[in-house]
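Undergrad: A single structure is presented below for examination.
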Amino acid sequence: MRRDWDRRARENARHYVVTGRDEWSDEEFRRSGRLTIEEEILNDLDNVCQGKDPKAMKALEIGCGAGRVTRAFAEFFGEVYAVDISREMVRQARRLVADLPNAHVFHNNGKDLSVVRQSRWNRLGLGPRLELDFAFSFMVFQHIPSREIIESYVREAHRLLRPGALFKFQVQGCTSAEPEAQDSWVGVHFTEADARAMAERCGFEMRYHYGAGGQYYWLWYFKK
């Protein structure tokens, strides 16, 4: 997956992040991230913020790509931690958020969030253990062909979130989709029963879901 996404990032990172068009200006790319915030965060504030001031919240983004949503998150939340498996995507994301000191972008190993848990601040014991208020993943898990890796990310999000916090994310819900053995574009699919079972195994309550049977199957996991 690292090889595939590095190749895509070098070819045309922004196209592979949002495949609807080939060319994006910086402003267009930033605006598309703000649109995602409007559609998936501002329309869901009761679940996402739970009465907290967004500027007092720490948020996590899994699979940040070239930083499209990361930048919008950093403009909305107090602090943002973002990870991606591709070094080239991370390089481009860091460039896009370079003027926002509350955005922290990490290159991760593609299976867990240890790079966030072991960030310099925590490793040196300079403050309390990092505890996040919200986690998010958008158009990422649809490309992962391994249930084990997806579930590893879910468990890792559980470790970092405060009790009651939300992990809102998508999985591949199309039951006819088959992971491609030599690529990482089509991920493993989940039924509603699969999603509920994973939530229980990982210590979450799956309170809502939307889009079962489709490519963009949204799940709302609340940490018990």
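Undergrad: Give the residues of the stretch 126-157 that are touching a residue at least 40 places away in the same chain (Cβ under 8 Å) and touching a Lys or Arg at 6+ places or on another chain (Cβ under 6 Å), sorted by residue number.
TA: Selection gives 131, 132, 133, 136, 152.
Undergrad: Next question. Between a first residue in the stretch 21-33 that is of a type in the set (Asp, Glu) and a second residue that is assigned to a loop (DSSP other than H, G, I, E, B) and surrounded by fewer than 17 Cβ atoms within 10 Å (Cβ to Cβ), which pairs have beta carbons less than 9 Å apart while being 6 or more apart in sequence or on different chains?
TA: Sorted first by the residue in the stretch 21-33, then by its partner, the pairs are 28/21.
Undergrad: Which number in (1) modelled with pLDDT under 95; (2) in contact with an Asp or Glu (Cβ under 7 Å, 6 or more places away or on another chain) marks the one condition that residue 188 misses?
TA: All conditions are met except number (2).
Undergrad: Any residue at all in the stretch 90-99 that's of a type in the set (A, V, I, L, M) and touching a Phe, Trp or Tyr at 6+ places or on another chain (Cβ under 6 Å)?
TA: no
Undergrad: A follow-up question, please. Any residue at all in the stretch 35-51 that is touching a residue at least 12 places away in the same chain (Cβ under 8 Å) and under 23 Å from residue 88 (Cβ atoms)?
TA: Within the stretch 35-51, one or more residues are touching a residue at least 12 places away in the same chain (Cβ under 8 Å) and under 23 Å from residue 88 (Cβ atoms).
Undergrad: Out of the residues in the stretch 132-158 meeting the condition of being more than 16 Å from residue 73 (Cβ to Cβ) and touching a helix residue (DSSP H, G or I) at 6+ places or on another chain (Cβ under 7 Å), tell me which one is modelled with the lowest pLDDT.
TA: If we take residues in the stretch 132-158 being more than 16 Å from residue 73 (Cβ to Cβ) and touching a helix residue (DSSP H, G or I) at 6+ places or on another chain (Cβ under 7 Å), then 144 is modelled with the lowest pLDDT.
The values are calculated or read from the model by the stated rules, or taken from the named source; none is laboratory data. Small disclaimer: the values here were computed from a predicted structure and weren't measured. Virtual Cβ from ideal backbone geometry, glycine too; neighbours counted across all protein chains shown.
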